[in-house]
Every structure is written in structure tokens, then in C-alpha cells.
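The values are calculated or read from the model by the stated rules, or taken from the named source; none is laboratory data. Keep in mind the model is a prediction, meaning the values are calculated, not measured. FYI the Cβ positions are ideal-geometry reconstructions off the backbone, even for glycines, and counts take in every protein chain you see.
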Amino acid sequence: MDSYALADCTARIFAEWRTSKHPADDDAKVRQILRYQAVAGLRYLWKTGDYSQRVTVACRVAIWMHHPNVSEIHKKILAREKVRLA
């Protein structure tokens with residue numbers, strides 16, 4: 001549950017502070033700081049997690065980025081992780 005909460009929070013910050021939502025130059029430094037911390041958190045969860053946590057990270061980012069095919073991403077990550085573990 002903890003990794004889900006961390007994945008959701010960092011994915012939301014990553015998605016919400018992208019340049020397309022905040023294009024103004026005065027937002028650039030804040031955007032850079034917030035996204036840097038979110039990326040570091042997502043990378044940590046990806047690196048230290050098992051296949052389930054990796055799927056959660058990818059899907060939470062996709063959901064917050066309003067990606068239309070979250071279920072497709074879920075299937076691709078699971079398939080890749082099964083091959084990696086075999």
C-alpha cells in the first residue's frame with residue numbers, strides 16, 4: 001500500500017508540473033524542482049520494486065498523464081517482466 005501511495009503522489013506531481021500545463025517562464029524553476037523530485041521518486045520505486053510495483057508506477061503515471069490505453073500499458077509491462085524473470 002505504501003508503494004502505491006508513493007507511486008500515485010509522485011506520478012501526480014510529475015504529470016501536473018509538465019511544461020505543457022505551465023508554459024510560463026516564471027514557473028520554470030518551480031516546475032524543475034518539483035519534477036526532479038518526482039522523477040527521483042519514480043525511479044527509486046521502479047528500481048527497488050518487484051513486477052507488481054513496476055506495473056503500478058507505470059499505470060499511475062499513465063493515468064495522471066491521461067493516457068488513453070492504461071490497460072495496454074499494464075499488459076505490456078507484465079509481459080516484459082515475465083520475460084525478464086524467466
Taking only segment 28-52 into account, find how many residues are closer than 16 Å to Asp2 by Cβ and at pLDDT below 90. 3
Is at least one residue of segment 61-81 touching a helix residue (DSSP H, G or I) at 6+ places or on another chain (Cβ under 7 Å), of a type in the set (Asp, Glu) and either surrounded by 15 or more Cβ atoms within 10 Å (Cβ to Cβ) or assigned to a helix (DSSP H, G or I) (or both)? yes
Applying the selection to segment 19-58, what residues are outside any helix (DSSP H, G or I) and surrounded by 14 or more Cβ atoms within 10 Å (Cβ to Cβ)? His22, Gly49
Looking at Arg60, Arg31, Arg80, can you tell me which residue is touching a residue at least 24 places away in the same chain (Cβ under 8 Å) and of a type in the set (Lys, Arg)? Arg60
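Rundown of residues vs (1) under 16 Å from Ala62 (Cα atoms); (2) in contact with a helix residue (DSSP H, G or I) (Cβ under 6 Å, 6 or more places away or on another chain), yes/no style:
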residue	(1), (2)
Cys9	yes, no
Ile13	yes, yes
Pro23	no, no
Asp27	no, no
Val30	no, no
Leu34	no, yes
Ala40	no, no
Which listed residue is modelled with pLDDT under 90 and either more than 28 Å from Arg84 (Cβ to Cβ) or within 11 Å of the chain's Cα centre (by Cα) (or both), from Ala24, Ala58: Ala24
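Hey, can you tell me all the residues within segment 33-63 that are hydrophobic (A, V, I, L, M, F, W, C) and touching a Phe, Trp or Tyr at 6+ places or on another chain (Cβ under 7 Å)?
Correct list: Leu34, Ala38, Val39, Leu42, Val57, Val61.
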